[in-house]
Amino acid sequence: MEKQYFAHETAVIDEGCRIGKGTKIWHFTHVMKGAEIGENCNIGQNVVVSPGVRLGRNVKVQNNVSIYTGVICDDDVFLGPSMVFTNIINPRSKVVRRDNYETTIVEKGASIGANSTIICGNIIGRYSFVGAGAVVTKDVKPYSLVVGNPARHTGWMSEYGHKLVFDNKGFAVCPESGERYVLQNGTVSKIEK
C-alpha cells in the first residue's frame, strides 16, 4: 500500500511508527519506532519524535523540536521553534532512568512558543498559550497565558489566540471570532451557542 503522507528524502522514518494521511515531514527529521502522528500534521526540519510519542491531528511542529517519550499532544497543538520537552525530572548521565519517564500532556489547541521549556509531568491545558522563552514548571490552566521563568499566569487567551479582556461581570469576546467567554472561580470557558 502506498504511503499517504509526505516525507522529505532526508527524513528517517523507522518501521513500526504510524503516520496519518496528509502529514508532511521535512528535512533531517527522525520519527522513531512506536511513535504515532495523526492526520494533516506538519513536522518541521530537524525534529525528533521518540518512541511512544502521540501527536493528534493537525499538530504543527516547528524546526528543531525534540519530542521525547512520555509526551502526548492532542489535536491542533502548535509547538514553536526550538521549544524543549523533558521527560525525566532528575536526569543524570550516570543513572539510567528509562523506566521513569514522566507523562506530559498538551491538550487540544494549545500553543507553546519558541524556545520555551516544558518540565515533564505537567498538563498544558486546552487552548492555553505558553509565551516564547517561558519555563513551565507546573500545570497550565485551559485558556491561560503564561510567560517568564518560571512561567506565571498573566492573562487569558481565546481559541483564536487573542488576549481576552473580561468586563466586571466576567465576560469577554474574542475580537476575531466573536466567540464569548466567561471567567468564573479562576477558570475560563467558552460560552457555547
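Taking residues in the range 24-35 that are over 18 Å from Y68 (Cβ atoms), and partners anywhere that are among the β-branched types (V, I, T) and part of a loop (DSSP other than H, G, I, E, B), the pairs with Cβ atoms closer than 7 Å and at least 6 places apart or on different chains are H27/T10. Within the range 49-65, the residues that satisfy the criterion of being buried (at least 18 other Cβ atoms within 10 Å of the Cβ) and at negative phi are V49, S50, V53, R54, L55, G56, R57, V59, V61, Q62, V65. For the criterion of being under 21 Å from N64 (Cβ atoms), surrounded by 13 or more Cβ atoms within 10 Å (Cβ to Cβ) and of a type in the set (A, V, I, L, M, F, W, C), I124 passes. In this structure, R54 does not satisfy being touching a Pro at 6+ places or on another chain (Cβ under 9 Å) and either in contact (Cβ under 8 Å) with a residue 24 or more places away in the chain or among the charged types (D, E, K, R) (or both). Residue count for the range 139-193 satisfying the condition of being in a strand (DSSP E or B) and either within 18 Å of V77 (Cβ to Cβ) or hydroxyl-bearing (S, T, Y) (or both): 10.
The residue pairs whose first member lies in the range 82-95 and is at negative phi and assigned to a loop (DSSP other than H, G, I, E, B), whose second member is at pLDDT below 95 and not basic (K, R), and whose beta carbons are closer than 9 Å, counting only pairs six or more residues apart or on different chains, are N87/N100; I88/N100; I89/N100; N90/N100.
The values are calculated or read from the model by the stated rules, or taken from the named source; none is laboratory data. As the structure is a computational prediction, the values presented were derived from the model and not from experiment. Positions of Cβ are generated from backbone atoms using ideal geometry, with glycine treated the same way; all protein chains shown enter the neighbour counts.
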